[in-house]
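A short worksheet on the structure shown next.
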Amino acid sequence: MKKLIYIFIPICFLCIKCAAQTKLMPGIIKGKRETFSVQRIERKFSDSPREIIVTNKRNKYDNGLPVPKEPNFIRMNPKDIHLDTIEIRKVVYRVMADKINILKQNKEKISIGMVFKPSGSVVDIWFTLNENTLITATEMERLDNELRTSIIARFTGKQYLKYEAIPGNIIPPVTFQ
């Protein structure tokens, strides 16, 4: 009888822990302090797995970036945006440390997009994930907060000073393999 209880109690705790995780379903998802919008990405002519895009409600430029009002406006060259992609990868792996093995088994990946101020600090972040991801809203919140505080972009030239917001869509996906 004691053996049965010792087996049953850990199973109950495991079930409760799993049920407490918030799956990232399309709609509005709340973390501990932040609110996220989750949208399904529709790809009509693709055989790749279905994906979702996760954005923080505090993102400033979800409805588009402001365009400088200068008459001779030239878009910023992606080669002039410098990011420490190794640091981004370290942050992702640190936040997901408890789930690394499971994420590797599922061959999951996270694509990250960012928008920066001319100072290099992060203004907006969005994430693209597999629709059936094992990553929860709480983990997304931690990842969002840690990336905002630890990642700073550097820019070459003076052109970036004319921008209010600089898109940084040049980040390679973080793949768990």
| said: If I filter segment 62-108 down to residues being polar (S, T, N, Q) and in a helix (DSSP H, G or I), which single residue comes out as nearest to Ala165 (Cα to Cα)? | reply: Thr85
| Inter-residue pairs, beta-carbon under 7 Å, first within 17 Å of Thr133 (Cα to Cα) and in segment 51-67, second of a type in the set (Asp, Glu), 6+ apart | Glu51/Glu131; Ile52/Glu131; Thr55/Asp62
| query | Quick one: would you say Arg40 is loosely packed, with under 14 Cβ neighbours inside 10 Å and of a type in the set (Lys, Arg)? | reply | yes
| field | Residue among Arg94, Arg89, Arg148, Arg142 that is touching a Gly at 6+ places or on another chain (Cβ under 9 Å), modelled with pLDDT of 90 or more and surrounded by fewer than 20 Cβ atoms within 10 Å (Cβ to Cβ) | value | Arg142
| field | Output for segment 46-59, where each listed residue is modelled with pLDDT of 90 or more and surrounded by fewer than 14 Cβ atoms within 10 Å (Cβ to Cβ) | value | Lys57
| query | Between residues in segment 92-113 that are over 14 Å from Glu139 (Cβ atoms) and without any contact (Cβ under 8 Å) to a residue 12 or more places away in the chain and residues that are buried (at least 16 other Cβ atoms within 10 Å of the Cβ) and of a type in the set (Val, Ile, Thr), which pairs lie under 6 Å by C-beta distance while being six or more apart or on different chains? | reply | none
| message | Just to verify a result, which residue in segment 60-82, among those that are among the aliphatic types (A, V, I, L, M) and loosely packed, with under 12 Cβ neighbours inside 10 Å, is nearest to Thr156 (Cα to Cα)? | response | Ile74
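The values are calculated or read from the model by the stated rules, or taken from the named source; none is laboratory data. Owing to the predicted nature of the structure, the values given are computational and were not obtained by experimental measurement. All Cβ positions, glycine included, derive from the backbone under ideal geometry; neighbour counts span all protein chains shown.
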